[in-house]
1. Can you tell me which residue is surrounded by the fewest Cβ atoms within 10 Å (Cβ to Cβ) among those in region 259-275 that are in contact (Cβ under 8 Å) with a residue 12 or more places away in the chain and in a helix (DSSP H, G or I)?
2. Of all the residues that make up region 119-141, how many are assigned to a strand (DSSP E or B) and of a type outside the set (S, T, N, Q)?
3. When region 56-112 is examined, which residues are found to be basic (K, R) and closer than 23 Å to I165 by Cβ?
4. For region 343-359, how many residues are modelled with pLDDT under 95 and buried (at least 19 other Cβ atoms within 10 Å of the Cβ)?
5. I'd like to check something: does region 319-334 contain any residue that is more than 23 Å from G240 (Cβ to Cβ), assigned to a strand (DSSP E or B) and in contact with a Pro (Cβ under 9 Å, 6 or more places away or on another chain)?
6. Given region 147-239, what helices (runs of 4 or more DSSP H) lie entirely inside it while holding 2 or more residues that are over 14 Å from the mean Cα position of the chain (by Cα) and over 30 Å from I94 (Cβ atoms)?
7. What are the residues in region 287-297 that are of a type in the set (A, V, I, L, M) and either out of contact with any Leu (no Cβ under 9 Å at 6 or more places or on another chain) or within 11 Å of T316 (Cα to Cα) (or both), if any?
Amino acid sequence: MKQTPFTDIHIELGAKMHEFAGYNMPIEYSGILDEHTTVCNAVGVFDVSHMGEFWVNGPKSLELIQKITCNDASNLKVGKIQYTCFVNEEGGIIDDFLLYHMEQEKYMLVVNASNIQKDWDWCVKQNTMGAELQNASDHTALLAVQGPKATATLQKLTDTDLSTIPYYAFETGTVAGVENVIISNTGYTGAGGFEIYFYPNKGEAIWNALFNAGAEYGIKPAGLGARDTLRLEMGFNLYGNDMTEEITPLEAGLGWITKFIEGNIFIGRDVLEKQKADGVKRKLCAFKLLERGIPRKGYTIVNDDDEAIGEVTSGTMSPTLKIGIGMGYVKPEYAKIGTEVFIKVRNKNLKAEVVKPPFRK
């Protein structure tokens with residue numbers, strides 16, 4: 001298995017380790033519930049160095065990005081970030097990712113760890129215009145500092161005024177004496193905070209500085225388990241669960257990042273335009289259980305006549321609400337807020353209600 005710059009630290013701290021996307025990753029330390037609560041109330045640090053980073057440079061960079069992404073990057077200003085997708089010829093989602101506009105003709109793509117090679121091959125294949133591509137995934141470390149005390153923690157370590165970095169924006173500055181650190185305000189937890197990108201050989205110094213700075217706030221390391229419960233409480237999609245190459249952005253509730261503007265001729269646009277005109281045959285919805293139980297990926301969603309109408313794609317016991325929550329695809333007529341559906345758990349139909357995310361306000 002691959003390692004991140006922090007793998008030895010995770011093991012020394014007693015983290016429960018497991019393979020994820022080919023990496024030896026921490027699933028939990030003090031426990032998912034404790035880590036989840038820490039991020040909601042104080043500050044937690046996630047090692048997400050397994051994510052992939054691609055650079056797209058040169059005068060043809062925007063042309064390539066407009067071809068392979070469904071959002072519109074033409075108005076993305078330098079210093080700003082955009083959420084977008086790679087879409088295949090059938091309209092399916094190859095991956096969802098963050099697009100950073102670094103300089104006038106320079107972009108960074110941050111892709112999901114499990115899709116790095118697939119995404120890279122796709123970018124290379126579609127680069128018929130000759131943009132400059134670099135796969136920097138193995139040369140980039142990434143920590144997510146998340147929670148209401150994340151800003152106070154990180155501000156101790158940098159002269160960059162974090163209050164001037166709005167949501168989905170970034171700056172490059174010095175953190176804990178390390179220069180050229182990308183400080184980004186996106187987050188996948190809904191609890192606020194920053195992501196910091198830097199060279200792997202600076203990892204231990206930055207890790208130690210963060211935990212010293214955050215000691216007064218009760219800072220803790222957090223694993224992928226808490227990351228998943230936090231993102232699900234916010235209703236954020238997870239690739240491989242709520243999105244696949246067989247699911248389109250319109251079905252996944254991502255019509256807001258699918259731009260059919262004039263001149264934006266991205267791969268799969270014709271298929272998605274037709275789907276928008278005809279209407280989707282399934283739709284991602286969020287639901288909460290009204291009875292005790294835990295919905296899991298793959299569980300069948302049924303109506304009150306016990307007819308299958310869909311399937312759960314993500315589910316858990318909400319650490320905040322103490323009830324079962326989840327997301328899944330259903331026939332469009334059942335996706336309306338307030339609709340009563342049932343989740344088949346161990347051959348028992350548990351009553352659920354379709355709700356508008358986020359679950360955690």
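1. Filtering first and then ranking leaves E273.
2. Total meeting the criteria: 3.
3. K77, K80, K106
4. Adding up the residues that qualify gives 1.
5. Checked against the condition, which is being more than 23 Å from G240 (Cβ to Cβ), assigned to a strand (DSSP E or B) and in contact with a Pro (Cβ under 9 Å, 6 or more places away or on another chain), region 319-334 yields no hits at all.
6. 150-155, 203-213
7. Those that are of a type in the set (A, V, I, L, M) and either out of contact with any Leu (no Cβ under 9 Å at 6 or more places or on another chain) or within 11 Å of T316 (Cα to Cα) (or both): L289, I294.
Matching residues to (1) farther than 17 Å from K125 by Cα; (2) in a strand (DSSP E or B); (3) touching a residue at least 12 places away in the same chain (Cβ under 8 Å):
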residue: K67; (1), (2), (3): no, no, yes
residue: N71; (1), (2), (3): yes, no, yes
residue: K77; (1), (2), (3): yes, no, yes
residue: E89; (1), (2), (3): no, no, yes
residue: D96; (1), (2), (3): yes, yes, yes
residue: L109; (1), (2), (3): no, yes, yes
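The values are calculated or read from the model by the stated rules, or taken from the named source; none is laboratory data. Treat the numbers as computed from the prediction; the structure is a model and nothing was measured. Note: ideal-geometry Cβ built from the backbone for every residue, glycine included; neighbour counts use all protein chains shown.
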